[in-house]
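Student: Have a look at the structure that comes next, please.
Since every read-out is calculated from the coordinates, none of them should be taken as a lab result. All values derive from a computational prediction rather than experimental measurement. Here the Cβ positions follow ideal geometry from the backbone for every residue, glycine too, while neighbour counts run over all protein chains shown.
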Amino acid sequence: MLNYFLLQLVGPQRKSLSLKDPEKYEFHPRKLLKQIVRIYVHLARGDKNNVFPIAISSDGRSYNDQLFSAAAEILWRIGEDVRVIQDFIELGAKAKAAASEAMDAEAALGDIPDEFLDPIQYTLMKDPVILPSSRITVDRPVIQRHLLSDNTDPFNRSHLTVDMLIPDHELKARIEEFIRSQELRRHADNSNMQRSKATIQTTHEEMLID
């Protein structure tokens, strides 16, 4: 949800938030931006296991690493505590690194069967759930983010809440097995490559001795 607010305040559509009489509605975007950034920083400072950057970067709907740099530039201009800005920039860098690692990990799996991909974001599902009305399977984190702002099934607009989601245990088990098999294959390929390199090196040394 934080990413969504950040997107609205500093993203491409931020000018659409302009009001003719902001004081009348007590709308102060600069003050709101400072408050949101301080929430980011507060959560990051208490994040001992470094899971917050992963959560930020996993928000496929609203996350964009450029939003952090854009927000930081605005904060410098409007005047914010230097430590807050620096911590916010550091958090943005960690989120960007987490996003890159996630992309690399998924790319390393090779061709992923379509049935394992979330139909909304086309990313590998980790916790598949079935939508009771449309009967379409999606990744739980993806649909949960959608439900934060819209309590409907995105495929047929019927009413939907988090407690109505149906875990797809069978599909989850198959996805986990697919990940394990791909990782084992990758490790085997790496081992074979190392042995090949060692063989070539040994042969080269023997040729030099001869």
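Student: With the Cα gyration tensor of the stretch 1-156 giving a ≥ b ≥ c as the square roots of its eigenvalues, does the rule (a/c under 1.5 for rounded; else a/b larger than b/c for prolate; else oblate) give rounded, prolate or oblate?
Tutor: oblate
Student: Ordered by residue, what ³J(HN,Hα) values in Hz, to whole numbers, does the stretch 58-71 give under the Karplus form 6.51 cos²θ - 1.76 cosθ + 1.60, where θ = phi - 60° and Gly and Pro are x?
Tutor: 7, 7, x, 6, 10, 6, 8, 4, 5, 5, 5, 5, 5, 5
Student: With +1 on each Lys and Arg Cβ and -1 on each Asp and Glu Cβ, and nothing else charged, work out how big the dipole of the stretch 2-107 is about its Cα centre, in Debye to the nearest 20.
Tutor: 420
Student: Would you please give the residues with an amide H less than 5 Å from that of Ile136, counting only those at least 5 places away or on a separate chain, with H modeled from the backbone geometry?
Tutor: Leu131
Student: While we're on this one: Check Asp127: other-chain or 5+ apart residues with amide H under 5 Å from its amide H, H built from backbone geometry?
Tutor: The answer is Arg140.
Student: Counting other Cβ atoms within 10 Å of each Cβ, which chymotrypsin sites (Phe, Trp or Tyr not before Pro) in the stretch 102-174 have at most 16 and sit in a DSSP loop?
Tutor: Passing both the DSSP loop test and the Cβ count: Tyr122, Phe155.
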